[in-house]
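Just so you know, all these numbers are worked out from the coordinates, no wet-lab data involved. Given the structure is predicted, the values throughout are model-derived calculations rather than measurements. All Cβ positions, even for glycine, are placed from backbone atoms using ideal geometry, and neighbour counts span all protein chains on display.
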Amino acid sequence: MDTPTRHEQHGRWPQATTLDDLERNLAAVRARIAAAARRVGRDPSGVRLLPVSKTRSEAEIRLAYAAGCRELGENKPQEAFRKWEAMADLTDLRWSVIGHLQTNKAKLVARCAREFQALDSLRVATALDRRLQIEGRTLDVLVQVNTSGEASKYGLAPDATAAFLRALPAFATLRVRGLMTLALLSADAGRVRHCFVRLRELRDRLRHDVADAAALSELSMGMSGDYEIAVEEGATVVRVGQAIFGARATPDSDYWPAAATPT
Ligand SMILES: *Cc1c(COP(=O)(O)O)cnc(C)c1O
């Protein structure tokens, strides 16, 4: 499979300003997901598109809702919480927090999120569980794994994941659904694909080795520049922002430390 990345587009996606733009972009992304799935004999309905709305205004998000989006991903807990509060009238809109969490922000996630995709420490699991008990809620969680080996990425080392998963059943409010990763931001499609293969193979091994890993069905991998490759390698969730909403003004280093520029 020689599907290229679109990381060279990073920061250059055209802005979606109208309902039409959003509908067209969503349809284009869905068509590309479906085509990628079919290339490898997968059913496209097995891939969930999570639109990522970070930095986007309330007006833009309401347009996305009008275009049919019923779930949105936000990297930062404060931003997710603020938007959740402001758009409480959209009662069927669900929020997924996909970025690094500090324990002092666990309360925000416990209150507003339906899903948290970046679990990578027991300290955060403990803080979330305590807050969720208070709220009387449960939370779907994905464990973030660092598959690129870059020091700048959050997530557990692949070989630390089994022990981590074995500790999670102690937290009754956390529903472990699968694994999440960010690939290398590189124009070298082979190296990007390698990150996705690594996550899938890890998930398959863990399903075997970790007693309670039957719940490991989800693989959240792929963003605007590489979601087609991720789907070819088994992604069940893709997190796509810029290809739907347009390029972001804020640099990636706002979201993960010292993010590498595309290579
Ligand atoms: C922003 C973000 C994405 C989406 O990136 P795009 O380039 O906008 O598609 C995916 N995953 C995480 C964790 C993010 O923070």
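Below is a table of values for the structure above.
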{"read-out": "For region 152-250, diffusion coefficient by Stokes-Einstein and Kirkwood Rh (Cα), 10 °C, 1.306 mPa s, µm²/s", "value": "110"}
{"read-out": "Relative compactness, region 1-85, computed as alpha-carbon Rg over 2.2 N^0.38 Å", "value": "1.22"}
{"read-out": "Those lysines that a straight Cα-Cα span of less than 24 Å connects to residue 153, excepting residues fewer than 8 apart in one chain", "value": "54, 76, 105, 107"}
{"read-out": "Descending principal axes extents, region 197-255, alpha-carbon based, whole Å", "value": "44, 24, 17"}
{"read-out": "Magnitude of the charge dipole, the chain, Cβ model with Lys/Arg +1 and Asp/Glu -1, debye to 20", "value": "380"}
{"read-out": "Candidates 139, 219, 90, ranked by Gaussian network fluctuation over the chain, Cα under 10 Å, top entry", "value": "90"}
{"read-out": "Gaussian network model of the chain, Cα within-10 Å springs - most flexible of 85, 115, 71", "value": "85"}
{"read-out": "Residue-by-residue Karplus 3J(HN,Hα) for region 154-163, coefficients 6.51, -1.76, 1.60, Hz, glycine and proline x", "value": "6, x, 6, 5, x, 7, 9, 6, 4, 4"}
{"read-out": "Sites residue 253 and residue 43, calculated FRET efficiency, Cβ-Cβ separation with R0 45 Å, nearest 0.05", "value": "0.75"}
{"read-out": "Farthest positive-ward along the chain dipole, Cα basis, beta-carbon charges - from 160, 172, 116", "value": "172"}
{"read-out": "Using distinct alpha-carbon pairs, which all enter the 1/r mean, Kirkwood radius of region 61-163 in Å", "value": "14.4"}
{"read-out": "Highest-MSF residue in the chain out of 223, 180, 87 [GNM, Cα springs under 10 Å]", "value": "87"}
{"read-out": "Calculated FRET efficiency for the pair residue 172/residue 87, C-beta based, R₀ 35 Å, to 0.05", "value": "0.75"}
{"read-out": "Residues whose placed amide H lies under 5 Å from that of residue 178, excluding near-sequence neighbours", "value": "143, 218"}
{"read-out": "Convex hull projection area averaged over all views, the chain, Cα basis, nm²", "value": "12.9"}
{"read-out": "When region 10-55 is reduced to its Cα atoms, the Kirkwood hydrodynamic radius in Å", "value": "12.1"}
{"read-out": "Cβ-based charge dipole, the chain, positive-most Cα from 80, 96, 139", "value": "139"}
{"read-out": "Stretchable slack from residue 130 to residue 104, in nm (0.36 nm times residue separation minus alpha-carbon distance)", "value": "8.2 nm"}
